[in-house]
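Notes follow the structure.
The values are calculated or read from the model by the stated rules, or taken from the named source; none is laboratory data. These numbers come from a predicted model, not from an experiment. Please note: Cβ atoms are built from the backbone with ideal geometry, for glycine as well, and neighbour counts cover all protein chains shown.
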Amino acid sequence: MLKIYTSLTFSLAIILSSCDLVKDLDDYSPKYSVDAEFAIHDQTSAEQALTGVYAGWAQSSKLTGMPDIMIIPSLLGITASQGEAGESRFLALNKPNKEMKSIEGGYLSLYSIINRANWVIEKVSLLSGDKFSNPKRKREILGEAKTMRALAHFYLLRLWGQYYDTSSKYGIVITLEPTRTKDAKARSTVEETYQAILNDLNDAIIEAPILRKKIFANQTFAKSLKAKVLLYKGSFSEASQTAKEVIDHASENFGLLNDFQSLFDLTTPDVFDNKEALFCAYGDKIHGLGLSAYWLGSFCSISNRYQELAKNGGAIINDQVIKYDSTRISFISPNSEINTNNKYQRAPYEIAYHMRMAEIYLIFAEANARTHKKTYQDALWALNLIRKRAGAHSVRSDGFNTYPSDISNKKLLEAIRIEKMMELGTENGESWFDLVRYAYIDGGFESGFKVYDEKSAAINPDKYILPIPEESVKSGNQTVIQNPSY
């Protein structure tokens, strides 16, 4: 295991873009580089190049994009409060601007991952089968690279594109080939962006390995990510079906852990291969992810609002008061200065879940409830399964209990949104994206469920997504159109 993680870090020095070409944000060139036109020539070099793709998820230095993109959504939402960094104050006030280094770094980092993946896909596709010790490894490498490209495009879409509206022209710049020229590309529509992501995932579900390690892409993660993308796209029936396939057909290597606490046992490297992980990033004290430092107040901390919801919040369902949480609140440690996030501790190891199985159950719950508005017992089953794992009781009384079978569809959907916040809170800012999606689905941003009813500072829907960094807009001679209100 040590060899795997050491090589992952070493590959940060491997660059998979042409260093003398494009210099704008979409075509990032690190300091130390080799020409990718010639670098990938056999299985060994292909594996090294693929490892370089995964290395893109690690932190290189402060405000360079990682872990900023995993935390910015929490600041926009209600789970995080501002930290010492000046930019965090404006993000918490829902006032991002196009000069922010954290935003620029996130945009740059994701396109760097995509460009690295593009080099792997192009060059490995050209290699003959006899260059590999096992013929199927060529296909697996392609599947892993396509999964990472899809994931990076998806993160770009939900941070910088109007992901909630498939009719919008404000998608992102889709990059499916290595960059060789300075010519800027225009943004694709949201619908086109979703289709490009799904095309990669459909390939990856077939091509990616069944499982190597959870720090590498696999078929189950590719299908899980597809379910999530379909949910965001609004294809609820297909999302429900895809998520259920993951649940029903997952091998013994994938499933819910018996207890929530084990997900964040950062004293052992075994945490990176726990069965609930679908795909995660590795960190240790030498090569960290930056999450613990960021959440200890340098960039953010747990908000008082989130702590209060987890500790005392609840829903009234037919005269029954059901608490939102009881046990997971222990991962928030309040003190006189900041509320500490114990998911990201200064421990021997540091983990960032890009997805885990609990999220698949909750994706299924929402998609199923939106598909079957009158018969949604399957959705209720999935929701209550996650609550039971957290310690909820199946009794008809007040307290931290499961939701009853006579809950309305509207209240069930709200219960699912809150449950995702309790279960996945501060993991990639999922609750912020849910808040925006729910509001848009419920008749748009100015009717029904409203974002600003939950976050009073979030009054401008244009600021629900981030600005394209100014340098990227300028360098492309306005080919890349800026988001509205920026």
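Among residues of the stretch 241-257 that are of a type in the set (Gly, Ala, Ser), those with a Cβ under 8 angstrom from a residue that is surrounded by fewer than 19 Cβ atoms within 10 Å (Cβ to Cβ) and assigned to a loop (DSSP other than H, G, I, E, B), sequence gap 6+ or separate chain, pair up as 251/210; 251/211; 255/275.
Specify which of the listed residues (25, 91, 76) is of a type outside the set (Phe, Trp, Tyr) and modelled with pLDDT under 95. If you could, list the steps in order and put the result at the bottom.
On the way: 91 fails: modelled with pLDDT under 95; 76 fails: modelled with pLDDT under 95.
Result: 25 is the single residue among 25, 91, 76 that is of a type outside the set (Phe, Trp, Tyr) and modelled with pLDDT under 95.
Is there a residue in the stretch 311-320 that is of a type in the set (Lys, Arg), assigned to a helix (DSSP H, G or I) and touching a residue at least 40 places away in the same chain (Cβ under 8 Å)? Within the stretch 311-320, not a single residue is of a type in the set (Lys, Arg), assigned to a helix (DSSP H, G or I) and touching a residue at least 40 places away in the same chain (Cβ under 8 Å).
Please note which helices (runs of 4 or more DSSP H) are completely contained in the stretch 36-150 and include at least 1 residues that are farther than 24 Å from residue 279 by Cα. I'd like the intermediate steps shown before the answer.
Details: elements: 36-39, 43-55, 68-76, 86-92, 101-126.
In the stretch 36-150, 36-39, 68-76, 86-92, 101-126 are the helices (runs of 4 or more DSSP H) which contain 1 or more residues that are farther than 24 Å from residue 279 by Cα.
Considering only residues in the stretch 332-355 that are among the hydrophobic types (A, V, I, L, M, F, W, C) and surrounded by 21 or more Cβ atoms within 10 Å (Cβ to Cβ), the one that is modelled with the lowest pLDDT turns out to be 332.
Residues that are crowded, with 23+ Cβ neighbours inside 10 Å and of a type in the set (A, V, I, L, M) within the stretch 81-99 comprise just one, 91. Screening residue 235 against (1) more than 27 Å from residue 282 (Cβ to Cβ); (2) in contact (Cβ under 8 Å) with a residue 12 or more places away in the chain; (3) more than 18 Å from the chain's Cα centre (by Cα) leaves a single unmet condition, (2).
Determine which member of the set 281, 243, 293 is closer than 25 Å to residue 82 by Cα, in a helix (DSSP H, G or I) and out of contact with any Pro (no Cβ under 6 Å at 6 or more places or on another chain). Break it down into steps so the answer makes sense when it comes.
Values: 281 fails: in a helix (DSSP H, G or I); 243 fails: closer than 25 Å to residue 82 by Cα.
None of the others qualify; the one that does is 293.
As a summary of the residue check, residue 122 satisfies the conditions (1) out of contact with any helix residue (DSSP H, G or I) (no Cβ under 6 Å at 6 or more places or on another chain); (2) farther than 30 Å from residue 42 by Cα except for the one numbered (2).
Residues 243, 239, 217, 196: which one is closer than 18 Å to residue 152 by Cβ and either buried (at least 24 other Cβ atoms within 10 Å of the Cβ) or modelled with pLDDT under 95 (or both)? If you could, list the steps in order and put the result at the bottom.
On the way: 243 fails: closer than 18 Å to residue 152 by Cβ; 239 fails: closer than 18 Å to residue 152 by Cβ; 196 fails: either buried (at least 24 other Cβ atoms within 10 Å of the Cβ) or modelled with pLDDT under 95 (or both).
After ruling out the rest, the residue left standing is 217.
Residue-level analysis places residue 273 outside the set of residues that are among the acidic types (Asp, Glu) and either touching a Pro at 6+ places or on another chain (Cβ under 8 Å) or at positive phi (or both). Considering the stretch 422-448, and only residues there that are of a type in the set (Ser, Thr, Tyr) and not in a helix (DSSP H, G or I), the residue that is modelled with the highest pLDDT turns out to be 426. Quick check: is even one residue across the stretch 221-232 over 21 Å from residue 143 (Cα atoms) and at pLDDT 95 or above? Yes, the stretch 221-232 contains at least one residue that is over 21 Å from residue 143 (Cα atoms) and at pLDDT 95 or above.
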